[in-house]
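What follows is a single structure, written as structure tokens, with notes after it.
Derivation of every value follows stated rules applied to the coordinates shown; laboratory data play no part. Predicted, not measured: the structure shown is a model, and the values here were computed from it. Note that each Cβ is placed from the backbone with ideal geometry, even for glycine, and that neighbours are counted across all protein chains shown.
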Amino acid sequence: MSKPNNRKNEHVSLSEKFYPQQVSSFKDIRFVHQSFPEMDVRDVDLSVSVEGLNFSVPFFINAMTGGSEWTGKVNEKLAVIARETGLAMATGSVSAALKDPSQEETFKVVRRTNPNGLIFANLGAGHGLENAKRVVDLLEADAFQIHINAPQEVVMPEGDREFRGWLTNIESIVNGLSVPVIAKEVGFGMSRETIRQLESVGVKLIDVSGQGGTNFAQIENFRRKDFKLDDFEEWGQTTAVSLLEAGDSAVNSHIIASGGIRRPMEMVKALSIGASLNGLSSQFMHMALDDVDQAIDTINQWKVELTHIMTLLGARTIEDLRRTDIIITGETAEWCSARKIS
Ligand code: FNR
């Protein structure tokens, strides 16, 4: 199938191009092995419930795409994977369909393919309550993600340059929407100050989406035709650092880990340092573009692998993982020390 040269298609193809360059931030997080688990694999419960959303496993397909013919087909593949494995799934930003209703189908295909699944709609923080309601209705969504992506916008040649009022938009959406709201970054991570600001306007679900996976400064920089903004490619906090910042600050919210999470071991590490769930984007894109049946098999294998890791850690539930012994090394430890995170 031909791929018209538009931004949505470029984001997918460039995330795939740069996928091999990802460097996980979880190498700095180590478990302390204890020789007596004192439990059986069958004792493990992988389910998570947050804000009335029930997940059978602690990971989901995070926001990526829709908005062009090709990415509509990609959304359909992702929705088949979600349906066959019971994973929740977010679409990419639905703003393309608000601007051009002929693109609605490229998002609605997700609900049609997976009528009973947990589905999240997504928009940027420049949007207000009315648009949030429209996209939730369009997808019959179970939750709404609002993305916060200032660094991506400034590197994007055609990106926004006006960033006032985002927190006010988020507050009005949290207060006015009938479904749970997830505030998320897009791979630049969060600080404890950001997390406190989000909590102060009532956000209960925060996806820190840090560095270590998809790098939107790199993607947008590659798309630039004029001068390049290479320095922005290092902007932000890693996912591990962002989770530790959240551990130091979040009191009323559940934290979601995303950004460079590609394997069960990374998921368990993220859960052990305070996440309730893991969102995976580029990893699932990589698998969906390759072979949907193989992706389904791999995900089912991951569920087994998660129970094995949790058994070795003596953790029956996701909550139990918070009590796991971990060691923090390297740059992550240096960051914690500089920010006085204990
Ligand atoms: C994204 N991401 C994203 N996020 C969002 O909130 N709205 C969006 O429309 C998109 N679009 C998008 C397209 C593509 C192709 C990718 C790979 C990612 C960001 C995504 O949800 C996530 O925050 C980051 O990609 C970090 O996670 P990974 O990719 O390292 O697992």
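What the table below lists for this structure:
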quantity: Rg/Rh for the chain, where both radii come from Cα atoms and Rh is the Kirkwood radius; calculated: 0.94
quantity: Selection of trypsin sites (Lys or Arg not before Pro), the range 203-257, meeting DSSP coil and at most 15 other Cβ within 10 Å; calculated: Arg224, Lys225, Lys228
quantity: DSSP bridge orientation in the chain - percent antiparallel, rounded to nearest 5; calculated: 20 percent
quantity: Degrees, to the nearest 10: 7-18 long Cα axis against longest axis of the chain; calculated: 40 degrees
quantity: Rounded D (µm²/s) - the range 171-216, Kirkwood Rh over Cα pairs, Stokes-Einstein at 4 °C, 1.567 mPa s; calculated: 115 µm²/s
quantity: Rounded to whole Hz, the Karplus (6.51, -1.76, 1.60) HN-Hα couplings of the range 152-167, x for glycine and proline; calculated: 4, 4, 6, 7, 5, x, 9, x, 5, 10, 10, 10, 6, x, 4, 5
quantity: Placed amide H near Gln211: partners under 5 Å, 5+ positions off or other chain; calculated: Gly189, Gln237, Thr238, Thr239
quantity: Kirkwood estimate for the range 133-247, i.e. one over the average of 1/r between Cα atoms, Å; calculated: 15.1 Å
quantity: Hz values of 3J(HN,Hα) by residue in the range 52-66 - Karplus curve (6.51, -1.76, 1.60), Gly and Pro given as x; calculated: x, 9, 10, 10, 6, 9, x, 8, 8, 8, 8, 3, 9, 9, x
quantity: Equivalent ellipsoid semi-axes, the range 180-285, via Cα gyration tensor eigenvalues times 5, rooted, Å; calculated: 24, 16, 11
quantity: Binned Cα-Cα distances of the range 66-162, short to long, each 5 Å bin given as a whole percent; calculated: 3, 14, 24, 23, 18, 12, 4, 1, 0
quantity: Residue-by-residue Karplus 3J(HN,Hα) for the range 324-339, coefficients 6.51, -1.76, 1.60, Hz, glycine and proline x; calculated: 6, 7, 10, 10, 10, 10, x, 5, 5, 5, 4, 4, 4, 5, 5, 9
quantity: Alpha carbon Rg of the range 1-120, scaled by the compact-globule rule 2.2 N^0.38 Å; calculated: 1.35
